[in-house]
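What follows is calculated from the coordinates using simple rules that are stated; it is not laboratory data. Because the structure is predicted, anything quoted here is derived from the model rather than measured. Note: ideal-geometry Cβ built from the backbone for every residue, glycine included; neighbour counts use all protein chains shown.
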Amino acid sequence: MTKQQILSSCELFLLDLDGTVYLDDTPIGAMRRTLERLRGCGKRLVYLTNNSSRTRAEYCEKLRRLDLFDAKDDVYTSSMAAIGYLAAHHAGARVHLLATDAVRAEFAQAGVRLCEERPDVCVLAYDTTLTFEKLKRFNESLAGGCVYIATHPDDVCPTAGVPMPDVGSFTALLQRSCGRLPQVVCGKPFTVMGRCIAQRYGVPPARMCMVGDRMHTDIRFANANGMKGVLVLSGETTRESMAHFSDRPDLVLEDLNEIFS
Ligand SMILES: [Mg+2]
């Protein structure tokens, strides 16, 4: 597809964060102006992240600090998709949630009943405050046979140095200790998050465009959910490495700013 076809056929742009909008704390090129131009064309902007170590409010605050956030924009995290999945399929369930305190508060505020005794559901989020005691208690709950949900599948979280272990690494650890893998994974590239987003914004997937720098999460997510997919080469993927994946983006840009050049 051409840039013009993407712009005319999509009303909601789902924007991956790291590698797409910014690198660490630096907006990529003239990103502020690009986002303003997208809004000026009447596009709704939703920042989409798998990282469930921070709340929606914390991401809004970071984007505001970088002057990338407008009052009409939104942030959607894999924790929010997990909350949406629980509401749709396990309303009123007792949930053992492994997460940071802020994310635990986000679940509680959304009406999720948090407990660690005889839970119906275990939810594994990205707990960057993990201790052995928390891991031990979560392992015990999983062994009890409850429904097992993970917020997202990423093995590592990118940083300036060595990538940090992310939820996918912890699901591998728990598979070794209790023999179980998550029955449901919510974030990109899976359809739980796609369905939650379509419901929240009332926009059909064909009118949404996912913009991201990773083939196996962002572009797979677009293809799996019937959305347009724009790959940006400002992060993890190069023209050479994209050929190793079976998914195909609808458009490839050096970075998102190129959509208007
Ligand atoms: Mg990224």
- In terms of Cα to Cα distance under 20 Å, which aspartates and glutamates are near enough to Lys134, apart from those fewer than 8 places away along the same chain? Asp101, Glu106, Glu116, Glu117, Asp120, Asp155, Asp166
- Message: Just want to confirm a number: the relative contact order over the range 91-185, from Cα pairs under 8 angstrom separated by 6+ residues, in percent.
- Response: 25
- Item | Sequence-distant lysines (8 or more away, or on other chains) whose Cα lies within less than 25 Å of Lys3 | Lys43, Lys72, Lys188, Lys228
- Rounded to the nearest whole number, the Stokes-Einstein translational diffusion coefficient of the range 1-152 at 20 °C and 1.002 mPa s (Kirkwood radius, C-alpha pairs) in µm²/s is 125
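Using just the alpha carbons, could you tell me how many Å³ per residue the convex hull of the chain encloses? The partial results should precede the final answer.
Numbers: hull volume 33.2 nm³, N = 261.
Cα-based convex hull of the chain, divided per residue, equals 127 Å³.
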- Using the alpha-carbon atoms, what tilt in degrees (0 to 90, nearest 10) does helix 78-89 show relative to the longest principal axis of the chain? 60
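Count the DSSP beta bridges whose two residues both fall in the range 91-185, then state the antiparallel fraction as a percent rounded to the nearest 5.
Values: 2 of 14 bridges.
Bridges in the range 91-185 are about 15 percent antiparallel.
Which of Thr100, Thr159 comes first, and how do the rest follow, when ranked by fewest Cβ neighbours within 10 Å?
Details: Thr100 20, Thr159 10.
Ascending number of Cβ neighbours within 10 Å: Thr159, Thr100.
Report the charge-dipole magnitude of the chain in Debye, nearest 20, computed about the Cα centre from +1 at each Lys and Arg Cβ and -1 at each Asp and Glu Cβ.
Working: 31 positive and 32 negative charges, 147 e Å.
With Lys and Arg at +1 and Asp and Glu at -1, about 700 debye.
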- Note on the structure: Per the beta carbon screen (other Cys under 4.7 Å), unpartnered cysteines of the chain come out as Cys41, Cys60, Cys115, Cys122, Cys146, Cys157, Cys178, Cys186, Cys196
- Query: When ranked by the protection proxy of mean other Cβ atoms within 10 Å per residue, highest first, what sequence do the peptides 207-216, 135-144 form?
  - Reply: 207-216, 135-144
